[in-house]
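First the structure, in the form of structure tokens, and then the observations on it.
Please treat every number below as a calculation from the coordinates, not as lab data. Everything numeric in this text was worked out from a predicted model, so none of it was measured. Note that we place each Cβ from the backbone using ideal geometry, even for glycine, and neighbour counts take in every protein chain shown.
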Amino acid sequence: MVLATLGVALALLLAALDQTVVGVAMPRIVAELHGLSFYAWVTTAYLVTSTALVPVAGKLGDMFGRKPFLIAGMVGFVAASALCGLGQNMFELVLFRALQGLFAGVLFASTFAVLADVFPPEQRARMSGVFGAVFGLSSVIGPTLGGFLTDGPGWRWVFYVNVPVGLAAVILVASQLPFVRSRARMRDIDWVGTGLLFAGLTPLLVALSLTRDHAWFSPQVAGLLVIAAVMLVAFYIVERRVEHPVVPFDLFRLNVFAVPAAISFFSGIGMFGAVIFVPLLYQGVLGVSATNSGQLLTPMMLGVVVTSTATGALIAKLRGYQWLGTVALGVMVFGLVLLARVAVGSSPLEVTRDIVIIGAGLGVTFPLTFVVIQAGLPHHLIGVGTSQLTFWRSLGGTIGTAVLGSILVNRLPAIPTRVGLAGTLHDLFLAAAVAAAVAVIVSLFLREVPLTRPTAELVEAIEAAA
């Protein structure tokens, strides 16, 4: 089982690492392929397809077993990575990145859900902490690895490096991971709902990405948001009527699902507020030069790694473990408020302290929310529940980036100065703190799920009490 877990962890590392490792290579890629107008779309294409596929992949994993989807996701991801490395122009690279994102979505949906197939609830809590640490670790090593490969063998190796790692993961998972069979059939797949979900999420995510360059009420953004709203309403109507919905909306009536999903969404806003804009604080306000600004976030992600691992080990031993989330999110709010107080005369060490505090609070939420959902839902819904956590965290991050980016654009003085930028970032980090504070309030309603109690019995009890 150790080798199987290692293979699944490598699969998660592959998908998560690709969110950070490519950014460092982008200036070199643009210089060689001559496509500055496609710059943002290399990242956006990956984000849109990976986020949109997560709910669908989670449901299909519940229906047909997660092992074949995990293997298919890794094989597809490796192939798409090779295609990205072979890309001859920016259009091809964007296309291949979108394909890579599809398979990354399968990996994001499957890796955490696999824990429920191979570990009992007590050990599952510990492994959720380890996998949360792997997710955080990718943000620590990604920028450094990307810089090393770009300056060494060349930017194409940012993608080629996935091939040997991915093949090793495929071999380990294929040979060591048990296959939990199901009785689902192809005709059970909700094809209409799947299509409508893609048709709704794609314009939504693209519209949010466009807010970097367009106003919220511009025809481009507003038009896409209207299309997204129509498609998602149609998706909801269809899902209420089909036998095997992609997203069972009745789950939102369960405390063990709705509360962790809401925590993931609002904490995602606060997390991306720190991740995206802290380098700007370092360089624009404090005057710290950095060839690779992503490395400035290393202390935050180390905080995530340490607390995520520790929380996974503690959950199985603590009574009243649900309060860990409230305390941790309060710590995260405190860190964001401290970050908002940074001014021109502040020391870079103050920022380092603040982002360590944010990371420490954030790291607790990863294993906690996964454990509650996986212990509180019946086995045939674990893939849906787990993938929804990933989806809502990603969606919160995307919305948060768009909204906080709008604050930056609209409140920054016409002629930016360090003092003016500091004032704007003050408002921005306070807004992120408000979002995290909402997560604190939501966490007060989280119920403790006994990790040794049969999950089906637990859901029946919750539904009876509702």
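In terms of its C-alpha gyration tensor, the chain has a rounded overall shape, because the principal axis ratio a/c (a ≥ b ≥ c, square roots of the eigenvalues) stays below 1.5. Of the trypsin sites (Lys or Arg not before Pro) found in segment 128-228, those that fall in a DSSP loop while having at most 14 other beta-carbon atoms within 10 Å are R181, R183, R185, R212.
Can you tell me how much longer the chain between M186 and R253 gets when fully stretched, taken as 0.36 nm per residue apart minus their C-alpha distance, in nm with one decimal? Walk me through the intermediate numbers first.
Details: separation 67, 0.36 × 67 = 24.12 nm, distance 2.83 nm.
Extending this stretch completely gives an extra 21.3 nm.
The residues M74, M231, when put in order of fewest to most other Cβ atoms within 10 Å, stand as M231, M74.
Span-like helices, the chain: DSSP H, alpha-carbon axial extent 20 Å or more, mean Kyte-Doolittle 1.6 or greater, which ones? Mind dumping the intermediate values first?
Numbers: long enough: 2-33 (43 Å, 1.74); 39-64 (38 Å, 0.89); 66-86 (30 Å, 1.40); 90-118 (41 Å, 1.63); 121-151 (44 Å, 0.44); 162-176 (21 Å, 1.63); 191-210 (29 Å, 1.77); 219-239 (29 Å, 2.05); 255-280 (38 Å, 1.83); 298-315 (25 Å, 1.45); 323-340 (26 Å, 2.29); 348-376 (43 Å, 1.30); 382-411 (43 Å, 0.71); 418-443 (37 Å, 1.71).
Those that clear 20 Å and a mean of 1.6 are 2-33, 90-118, 162-176, 191-210, 219-239, 255-280, 323-340, 418-443.
The percentage of C-alpha pairs in segment 317-452 whose separation is greater than 26 Å is 34%. For segment 297-316 versus segment 382-424, the inter-centroid distance based on Cα atoms is 23 Å. Full extension of the chain between Q220 and V344 gives 40.9 nm of extra length, using 0.36 nm per residue less the Cα-Cα distance. For the chain, the 222 nm mean residue ellipticity estimated from helices alone, with every DSSP H stretch of n ≥ 4 adding -39500 (n - 2.57) and the total spread over all residues, rounds to -27000 deg cm²/dmol. Put in order of Cβ neighbour count within 10 Å, fewest first, the listed residues F108, F103, F252, F272 become F252, F272, F103, F108.
Please give the length that would be gained between Q176 and Y39 if that part of the chain were fully extended, namely 0.36 nm times their separation in residues minus their C-alpha to C-alpha distance (nm, one decimal).
Numbers: separation 137, 0.36 × 137 = 49.32 nm, distance 4.02 nm.
Result: 45.3 nm gained on full extension.
A Förster distance of 25 Å, applied to the separation of the beta-carbon atoms of E448 and I237, puts the FRET efficiency at 0.10.
Relative contact order for segment 71-218: what percent, with Cα pairs under 8 Å and sequence separation of 6 or more? Working shown, then result.
Numbers: 74 pairs, mean separation 46.5, N = 148.
Relative contact order comes out at 31 percent.
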